[in-house]
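The values are calculated or read from the model by the stated rules, or taken from the named source; none is laboratory data. Predicted model only: the values in this text are computed from it and were never measured. Every residue, glycine among them, receives a Cβ derived from its backbone with ideal geometry; neighbour counts consider all protein chains shown. Note: accessible area is taken over every heavy atom of the protein model, side chains too, but ligands, DNA and RNA are not part of it. Shrake-Rupley method; radii C 1.70, N 1.55, O 1.52, S 1.80 Å.
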Amino acid sequence: MKTLKKYRFKIAAVAVVAVVILVVVLCLCFLGKTHLDEEFTLSFGGTVSISGEDLQMTFEDVLQDNRCPTGAECVTEGAVICRLQVERGGGIYYIELAQPGLYHDYSQENFGGYRFTFLVEPYPEVDKEIDEEDYRLLITLEKVAQEGPAPTDFTNLP
């Protein structure tokens with residue numbers, strides 16, 4: 001009787017471990033992937049692949065953030081500029097997404113046949129510093145029709 005209980009316990013333990021491994025593997029397969037026309041969040045340092053496209057992007061840097069903070073009176077609105085590293089067709093390219101200060105709606109930039117509709121968060125506040133790792137981009141990526149010769153919007157910079 002004790003032997004039967006031991007085997008049942010071992011079988012149950014193995015089944016639980018197998019289910020946990022399956023869930024982890026399935027989650028890892030879907031992490032970092034999104035689709036065109038679907039909003040996603042890209043955290044600072046994060047990478048995402050676009051399903052069905054030969055396109056992967058990484059939120060590489062915040063080059064500038066001098067937006068006028070909430071609660072302040074400023075002479076200029078300032079801007080935030082974020083740099084994305086884009087891997088496409090075997091090449092590595094860099095895109096700068098700029099969003100003006102005092103603007104709390106989505107901005108758009110077109111690059112290489114794609115439209116990036118984005119919002120940079122968080123918005124600065126008086127006397128509150130934003131750490132690099134707290135930045136995130138809310139992005140929707142869509143294909144746009146190209147007229148004339150193929151654009152050279154993607155720049156291959158160091």
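Got at least one residue in the stretch 97-110 being modelled with pLDDT of 95 or more, under 16 Å from Val62 (Cα atoms) and either among the charged types (D, E, K, R) or open to solvent by 60 Å² or more (accessible area, probe 1.4 Å) (or both)?
No, because not a single residue in the stretch 97-110 is modelled with pLDDT of 95 or more, under 16 Å from Val62 (Cα atoms) and either among the charged types (D, E, K, R) or open to solvent by 60 Å² or more (accessible area, probe 1.4 Å) (or both).
Could you list, in sequence order, the residues of the stretch 71-96 that are open to solvent by 20 Å² or more (accessible area, probe 1.4 Å) and either part of a loop (DSSP other than H, G, I, E, B) or in contact with a Cys (Cβ under 8 Å, 6 or more places away or on another chain) (or both)?
Gly71, Ala72, Glu73, Cys74, Val75, Thr76, Glu77, Gly89, Gly90, Glu96
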